[in-house]
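I have placed the structure first, in the form of structure tokens, so that the comments after it can refer back to it.
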């Protein structure tokens, strides 16, 4: 039984008394200074707390409570042989030292060192989440070039909290964070204000595209539908030399690969405004040659001008375009219907009203956004409401309006003499709804007839701002990440830059980092437990009989995972040391805060060597169930035994980690995974190790959430699971550094 208390030592010259911690156990007494001082009048000895008459009483009391808990936990869990006066003092002073080192945390610029003299390539991280891309880019260094982080952006406040804690407070970077929905009208304007005119070389981010479907054939409407288009809107405005877009593997085969092609078309549709006049002039020339198709070519010319217009001018251009078509229909109407029919016929009314709807594209876009937001807010999915909402959203889509107008023309059954005029109206409407790339494809037959292909292709090479090869699948374990996570990468290369077609692996299949390498040194935490400091792992005691096999899995490596027995470190050592190459020599010690208020008051930071290493509280039945699955090695194989002993579960999936291979894709729910040596789920820190985050990267705010809150909250487990693995991002960043001009 130990007794842990605080007492005041003799006052110093300023009459403030140092607060000391004293530990008594039988005849042993250990005293350690906490580094905190108070006036005697501000100390409540009976309650062992600082009174509220002291300005910093909250932060000091928080630290004293934390320190006492850690000391008591150390005596409860540490082997008796480790409970020497020296070890106990070292354990306590580690917390005191890290807290004192962070006492002067400020948002400051990088320290003056050799890195300030290097060539800096600027980057922006959109849909930043925890900051996997940001972390990997800051690790990258090639020759005399490194990256400068200008801004991160995401919609969620815990993403911002984690960003500010890591990059501003801990690393001392002046990087901005822009928290706003990218679909809001003033997002781009506010983003540009935060960038303050700074040039952006690279943009990275992962706008969700998995809900995408082809125009007019949407299967699901949610708030993610427009994110890809808005991501490209930012690219158009910033004109970076490279941009990287990350997505799920399924995007390649969705709708038979048509979504992939649509994404590539949209990227190729980003134009160089400075050169665009060449295409407009060319279409005018083509019109003079192709006099029989002048109306259609006029439509292409007007539609192409959409690409160069601001939002306000675009609205006027769209209205002018539709008005021109409507005028042709007004002239045509008396020819295909008498007066009475023209006023009462439902098909003619449909055509007229279709023009009205198309002229109000901005208003319909606003309605669409609001309806999708309401659908999400009310959780309309897999019910009778969702279908009706989707039908309405489909009906106000421009492609659906044009399709309805086309059908109404067919219903009118006009005579042959007017079919050419009707065909021109329908073609004009289809051109109105075409993407830039579809316009280019539509012009090609006219170009071929006029035999102007060479001139046309030359102009296209000038006006396309970005070149892109086919997207490719990047496997995280190929880049030193102990996880078989597959992600699709689209890399857009500005026309003045070298094309990047893939990211070469840094390790071979035989050299890949294993789960054991990543996690073995963190295996000192129990059920319903939390650790703030590292502990030694005795592999001989833990793996009696298989020690040599397990030790053989631990290899010395370079930062990118390549084995290097001479100069390398183990994966665990890299995680503890950090992979930022000493660039941030003034970086503060890792700390945790619950919210923005605690972040701003640096004295309330929980500063410790280790964070995010907390296990869930699991009852006896859950522990037994996990042990059966872990011992069996496979959930499906374990189900028979679980049913026999009455411990079967409705849970669909458990993944038992294999120590000698890589983990499956790390998701956002921790209890989907079972530790290889203990019947428990993973901690946030262990999941972060599998993602290749440094231990000094602390995930802030709430640890987890559940139910409907998962739709709008991004706790620590979600931050980790949704992140791009930093080592994979580092490989991407390095390849860009090798090629960027």
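Find the residue count for region 112-156, including only residues that are assigned to a helix (DSSP H, G or I) and either modelled with pLDDT of 95 or more or under 19 Å from residue 479 (Cβ atoms) (or both). Don't jump to the end; show me each part of the working.
Taking region 112-156 and keeping what is assigned to a helix (DSSP H, G or I), we get 114-117, 132-139.
Those left that are additionally either modelled with pLDDT of 95 or more or under 19 Å from residue 479 (Cβ atoms) (or both): 132-139.
Result for region 112-156: 8.
On the stretch given as region 698-741, residues that are in a loop (DSSP other than H, G, I, E, B) and over 22 Å from residue 203 (Cβ atoms) total 12. Working only within region 325-359, note down all residues that are closer than 25 Å to residue 415 by Cα, surrounded by 12 or more Cβ atoms within 10 Å (Cβ to Cβ) and in contact (Cβ under 8 Å) with a residue 60 or more places away in the chain. Within region 325-359, 325, 328, 329, 332, 336, 337, 345, 347, 348 qualify.
Going through 427, 423, 408, 399 one at a time, which residue ends up being free of Cβ contacts under 8 Å to residues at least 12 places away in the same chain and either surrounded by 14 or more Cβ atoms within 10 Å (Cβ to Cβ) or assigned to a helix (DSSP H, G or I) (or both)? Full working, then the answer.
Working: 427 fails: free of Cβ contacts under 8 Å to residues at least 12 places away in the same chain; 408 fails: free of Cβ contacts under 8 Å to residues at least 12 places away in the same chain; 399 fails: free of Cβ contacts under 8 Å to residues at least 12 places away in the same chain.
Only one candidate passes the filter, namely 423.
Residues of region 552-576 that are assigned to a helix (DSSP H, G or I) and either modelled with pLDDT under 95 or surrounded by 15 or more Cβ atoms within 10 Å (Cβ to Cβ) (or both): 571, 572, 574, 575, 576.
Scanning region 11-29 for residues that are assigned to a helix (DSSP H, G or I) and either touching a helix residue (DSSP H, G or I) at 6+ places or on another chain (Cβ under 8 Å) or surrounded by 16 or more Cβ atoms within 10 Å (Cβ to Cβ) (or both) turns up nothing.
Given the structure, is residue 233 assigned to a helix (DSSP H, G or I) and either under 28 Å from the mean Cα position of the chain (by Cα) or without any contact (Cβ under 8 Å) to a residue 24 or more places away in the chain (or both)? Show your work before the answer.
Values: assigned to a helix (DSSP H, G or I): yes; either under 28 Å from the mean Cα position of the chain (by Cα) or without any contact (Cβ under 8 Å) to a residue 24 or more places away in the chain (or both): yes.
The answer is yes for residue 233.
In region 435-451, of all residues being touching a residue at least 24 places away in the same chain (Cβ under 8 Å) and crowded, with 19+ Cβ neighbours inside 10 Å, the one that is nearest to residue 267 (Cα to Cα) corresponds to 436.
If you go through region 282-293 and keep only what is touching a helix residue (DSSP H, G or I) at 6+ places or on another chain (Cβ under 9 Å) and more than 15 Å from residue 442 (Cβ to Cβ), you end up with 284, 285, 288, 289. In the set 263, 296, 251, only one residue is part of a helix (DSSP H, G or I), over 20 Å from residue 464 (Cα atoms) and not assigned by TED's automatic domain parsing to the domain that holds residue 452; that residue is 251.
Restricting 267, 259 to those that are in contact with a strand residue (DSSP E or B) (Cβ under 6 Å, 6 or more places away or on another chain) and surrounded by 15 or more Cβ atoms within 10 Å (Cβ to Cβ) reduces the list to 267. Filtering region 38-84 to residues that are over 30 Å from residue 600 (Cβ atoms), without any contact (Cβ under 8 Å) to a residue 40 or more places away in the chain and assigned to a helix (DSSP H, G or I) leaves 74, 76, 80, 81, 82.
For region 195-204, the tally of residues that are at pLDDT 95 or above and either out of contact with any strand residue (DSSP E or B) (no Cβ under 6 Å at 6 or more places or on another chain) or not in a loop (DSSP other than H, G, I, E, B) (or both) stands at 5.
Sort out which residues of region 655-697 are closer than 13 Å to residue 717 by Cβ and in a helix (DSSP H, G or I), and write them in order of number. Scanning region 655-697 gives 670, 671, 672, 684, 685, 686, 687, 688, 690, 691. Consider region 513-532 and keep the residues that are assigned to a loop (DSSP other than H, G, I, E, B) and under 28 Å from the mean Cα position of the chain (by Cα). The one that is surrounded by the most Cβ atoms within 10 Å (Cβ to Cβ) is 513.
The values are calculated or read from the model by the stated rules, or taken from the named source; none is laboratory data. Computed from a prediction, not measured in an experiment: that's the story for all the values here. Neighbour counts are summed over all protein chains in view; Cβ atoms, including those assigned to glycine, are modelled from backbone coordinates with ideal geometry.
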